[in-house]
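Report on the structure given below.
Just so it is clear, none of the values below were taken in a lab; they were calculated from the coordinates. Just so it is clear, the model here is predicted, and its values are computed rather than measured. Don't worry about glycine lacking a Cβ; one is built from the backbone with ideal geometry, like all the others, and counts go over all protein chains shown.
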Amino acid sequence: MTDTRPGAIRDHFDTDWLTLREPVDHAARAMTLSQQLAAWLEQTDRSGPLQLVDLGCGRGSNLRYLAPLLPGPQSWSLVDHDERLLSDAARLSIGSRDRDHGPVHFNTIEADLRDPGTWQHLLNTDTGVVTASALIDLVAAPWLDQLVRGLQHRQAALLVTLSYNGEFAFSQPHPLDAEVRQAFNEHQQASGPFGAGLGPKATEALQTRLQAAGYRVSTAPSPWTVPPQHAALQRGLVLGWQDAASEQRPQRAKAFADWAQQHLQQAGSPECTLQVGHTDLLALPPEPQ
Ligand SMILES: C[S@@+](CC[C@H](N)C(=O)[O-])C[C@H]1O[C@@H](n2cnc3c(N)ncnc32)[C@H](O)[C@@H]1O
């Protein structure tokens, strides 16, 4: 069976998992923030194409959502450490169009985001927008400091989407839902590819840093609703939460396995819907004096 467990507890993400998420991600995103970004771009002078950098791009879902909403011409740098995902991103993004129906240019860059030396130089003076989707709940606080410093120098805008906010709920609840959620949230903050991750605190931590740097920040909820038609995604989520919660509280592993068993049996049934809380954030540079 394909491993569809969420990558929130790993640094390598299964392409099937990202495929399962893409339609649910796109339906959840706060369109108003993308429209606000488009309006800002229209008022901003540029000498050449709009340069965008997508950090942790996976298979390019962010480009496929955002490119058609923003003015052209656009040139994207798609950055990830996973060569396989980058090759999917390149294949799947061919033929993408901007809001003005022009072709979207892109290049893929293999880089480990844990090392600022590999990606900070990508934010050059021409960068207009830095974006990341489903990434920042994995990172640690010093990484956000580096990101904000990089943005500030270039006066680029930032759009960060689908950051997990610590909430999930089932339409058919189980008495252990709250305990599993708590253990999962602790796990996100105890471990992770970037060190102790920020998990549900990531958006607030980023917002504080951006505002201190003079950025104008807007946030909006972008909750996932995972209906029965997405049974494989429902199952992947349950298994991922079980894995992480059990790693965090090994003494509860048996209880969490029983919890998962019940939710796995319900997955895909007409009554079964999951809600997962996320937040989107848009930051625009300070108005020129
Ligand atoms: C949850 S996925 C999101 C992918 C994509 N942005 C999307 O919305 O579908 C997180 C992405 O971050 C990438 N990633 C994780 N750790 C990384 C690292 N140290 N350097 C570069 N990319 C990393 C993973 O390979 C994965 O593509």
Find the relative contact order for segment 72-190 and round it to a whole percent, using C-alpha pairs within less than 8 Å whose residues are 6+ positions apart.
-> 21
Using only the alpha-carbon atoms of the chain, report the extent along each of the three principal axes, biggest first, to the nearest angstrom.
-> 60, 37, 32
Sum up the charges of everything whose Cβ sits under 11 Å from the Cβ of Ser163, counting Lys and Arg as +1 and Asp and Glu as -1, but leave Ser163 out.
-> -2
List every residue whose amide H lies under 5 Å from the amide H of Ser96, counting only residues 5 or more places away in sequence or on a different chain, with H placed 1.01 Å from N in the peptide plane.
-> Val104
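Looking at the chain, send over the antiparallel percent of its DSSP beta bridges, to the nearest 5.
Antiparallel bridges make up about 45 percent of those DSSP assigns within the chain.
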Working out 0.36 nm times the residue gap between Ala178 and Arg252, then minus their Cα-Cα distance, what length gain in nm do you get to one decimal?
-> 25.3 nm
Separation in nanometres of the label points that stand 7 Å from Cα toward Cβ, at Gln120 and His101 | 4.4
Whether segment 1-155 is rounded, prolate or oblate, judged on the alpha carbon gyration tensor where a/c under 1.5 counts as rounded = oblate
Return the distance in nm (one decimal) between the two label points of a simple spin-label model at Asp145 and Arg91, each offset 7 Å from Cα along Cα→Cβ.
-> 4.1
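So, R0 is 41 Å and r is the distance between the beta-carbons of Glu83 and Gln262; what FRET efficiency does that work out to, to 0.05?
0.60
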How many nm is it between the label spots at Thr44 and Ser218, if each spot is 7 Å from the Cα in line with the beta carbon?
-> 1.4
Projected area averaged over all directions for the convex hull of the alpha carbon atoms of segment 165-282, nm², comes out at 7.9
Sequence of Val160, Val148 once ranked by neighbouring C-beta atoms within 10 Å, starting from the fewest = Val148, Val160
Using alpha-carbon pairs under 8 Å, 6+ residues apart, how would you state the relative contact order of segment 148-289 in percent?
-> 44
Using only helices, what value at 222 nm comes out for the chain when you add -39,500 (n - 2.57) per DSSP H run of length 4 or more and divide by the total residues, to the nearest 500 deg cm²/dmol?
-> -12500 deg cm²/dmol
With a 10 Å radius around each residue's Cβ, average the other Cβ atoms per peptide and rank 98-106, 171-179, highest first.
-> 98-106, 171-179
Karplus 3J(HN,Hα) series, Hz, for segment 170-185 with 6.51 cos²θ - 1.76 cosθ + 1.60 (x for Gly, Pro) | 10, 5, 10, x, 10, x, 8, 3, 5, 5, 5, 4, 4, 5, 4, 5
For Trp76, the residues 5 or more places away or on another chain with a placed amide H closer than 5 Å to its own amide H are Leu52, His105, Phe106, Asn107
In Å, what is the Rg of the alpha-carbon atoms in segment 218-275, and how long is Dmax?
-> 13.2, 42
